[in-house]
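The values are calculated or read from the model by the stated rules, or taken from the named source; none is laboratory data. Because the structure is a prediction, the values reported are computed rather than measured. So basically every Cβ, Gly included, is an ideal-geometry build from the backbone, and we count neighbours across all protein chains shown. What goes into the accessible areas is simple: the full protein's heavy atoms, side chains included, and nothing from ligands, DNA or RNA. Shrake-Rupley method; radii C 1.70, N 1.55, O 1.52, S 1.80 Å.
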Amino acid sequence: MQTYDALIDDYERGMTQYKIDAVFGELKEELIPLLDKILACPQPDHSKFTMKVPAHEQAELCKFIVEYMGIDMERFAQAETEHPFTTNMSIDDVRITNHYYENEVISAIFSAIHEGGHAIFEQNVDHKYEGTEGASISYMGLHESQSRFYENILGRNINFWKPIWPKVCEIVPELKTVTLEEFYKEINHIENSLVRTEADELTYCLHIILRYEMERAIFIDGADVKDLPKMWNEKMDELLHVVPETDAQGVLQDMHWSDGSFGYFPSYLLGSIYDGMFLEAIEKDLGSIDDILAAGEIKKITKWLNEKIHQYGATRISSEVLEAVCGQELSAKPLIRHFKDKYAKIYNF
Ligand SMILES: [Zn+2]
């Protein structure tokens, strides 16, 4: 096994550089022109979304949303931290954290949906695996696929919000100053940015591809550490057409490399690639997710995920999950199709 494959395997068992090359390469080829097309369109007015929302309202809204998604509130807790995360003491005690910045209510909402997705996975592992490796899901790509499915595929769909918008505005009256249509455009606002953790769902893919290409250069081509800042800036220019002024906003921005977690980054994007495949499989079984969400029946989707994926916990690696749930091997095509359809509708091209 090559060194880089061994590192990737630490975070996504069974995954290899060879498999990732194929799907990331295809995504890169399709996403750069799609992004250029989107950025040539008029962009939504962000200034409407800087309203101040007290932390207690944000916390109440987040609680309402994760319950709506299907979290069992009897076996759940929500608290505050600087950086949101999910943790579990057991299958019956799953906790998430969030941050509440006064003028960034959307950030808190999407952190809650993301961590809520992780928590739904953790809560629904079959109890027979309690206390065993089967209940500790260490496959990052698969775990991220669940949080990102709720965050991006469901949460950034306007139909997620249609049945609950009046309730959302009741809990956070400040949101009455915007329409649901404006909110939808804002949560799907695409822009080239320097920092991964602040990126939208589309440019996020390119942020990960950049890191993957850098890790390949280090472990396969033997790139020298002193050349990495320059390589980073060149790749930012190529992929996202923006270049950081400092390395703090560039090659040093993440904690992963400084703590030695090489091979971790690809799992974030693999999660989204799995989501494209899961979306197709759900629609085949249950029909259009637009219709299910618009009818307020999101729990039907949660139940499907529980049965097809969550109950097995960590007893199946991702390739086995894809085979069992989607009947096919890893493919970026469903995600690419999803992005193209979605953004053509939002930006009218
Ligand atoms: Zn996550």
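Okay, here's what the table says:
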| item | result |
| --- | --- |
| Residue that is most open to solvent (accessible area, probe 1.4 Å), among those in the range 297-325 that are among the hydrophobic types (A, V, I, L, M, F, W, C) and farther than 14 Å from Ile153 by Cβ | Ala324 |
| Scan of the range 186-195 for residues that are in a helix (DSSP H, G or I) and buried (at least 17 other Cβ atoms within 10 Å of the Cβ), ordered by number | Ile187 |
| Some residue of the range 15-38 being closer than 30 Å to Val172 by Cβ and either outside any strand (DSSP E or B) or away from the ligand (no atom under 16 Å from the Cβ) (or both) | yes |
| Positions within the range 1-59 being hydroxyl-bearing (Ser, Thr, Tyr) and modelled with pLDDT of 95 or more, in sequence order | Tyr4, Thr16, Tyr18 |
| Residue selected from the range 130-146 under the condition assigned to a helix (DSSP H, G or I) and closer than 21 Å to Gly70 by Cα, by the criterion farthest from the ligand (Cβ to nearest atom) | Ala135 |
| Those residues of the range 12-48 which are in contact with a Phe, Trp or Tyr (Cβ under 8 Å, 6 or more places away or on another chain) and of a type in the set (A, V, I, L, M, F, W, C), in sequence order | Ile20, Phe24, Leu31, Leu34, Ile38, Cys41 |
| Residue within the range 158-165 that is under 26 Å from Thr315 (Cβ atoms) and hydrophobic (A, V, I, L, M, F, W, C) present | no |
| Per-region count, the range 77-106, residues outside any strand (DSSP E or B), within 15 Å of the ligand (Cβ to nearest atom) and open to solvent by 40 Å² or more (accessible area, probe 1.4 Å) | 3 |
| Search result, residues across the range 64-79 that are without any contact (Cβ under 8 Å) to a residue 24 or more places away in the chain and among the acidic types (Asp, Glu) | Glu67, Glu74 |
| Residue match in the range 109-121 (condition: more than 14 Å from the ligand (Cβ to nearest atom), touching a helix residue (DSSP H, G or I) at 6+ places or on another chain (Cβ under 7 Å) and open to solvent by 10 Å² or more (accessible area, probe 1.4 Å)) | no |
| Any hit, the range 166-179, residues being in contact with a helix residue (DSSP H, G or I) (Cβ under 7 Å, 6 or more places away or on another chain), open to solvent by 30 Å² or more (accessible area, probe 1.4 Å) and free of Cβ contacts under 8 Å to residues at least 60 places away in the same chain | yes |
| Where a residue in the range 329-349 is on the phi < 0 side of the Ramachandran plot and its partner, wherever it lies, is open to solvent by 30 Å² or more (accessible area, probe 1.4 Å) and aromatic (Phe, Trp, Tyr), with Cβ under 9 Å and at least six apart | Tyr343/Phe349; Ile346/Tyr184 |
| Neighbours by Cβ (under 7 Å, 6+ apart or cross-chain): first from the range 202-229, among the polar types (S, T, N, Q); second not in a helix (DSSP H, G or I) | Thr203/Ile190; Thr203/Asn192; Thr203/Ser193 |
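Residue by residue, here is whether (1) open to solvent by 20 Å² or more (accessible area, probe 1.4 Å); (2) in a loop (DSSP other than H, G, I, E, B); (3) under 30 Å from Thr302 (Cβ atoms) holds:
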{"position": "Thr197", "(1), (2), (3)": "yes, no, yes"}
{"position": "Thr203", "(1), (2), (3)": "no, no, yes"}
{"position": "Ala223", "(1), (2), (3)": "yes, yes, no"}
{"position": "Lys230", "(1), (2), (3)": "yes, no, no"}
{"position": "Leu239", "(1), (2), (3)": "no, no, no"}
{"position": "Trp257", "(1), (2), (3)": "yes, yes, no"}
{"position": "Leu279", "(1), (2), (3)": "no, no, yes"}
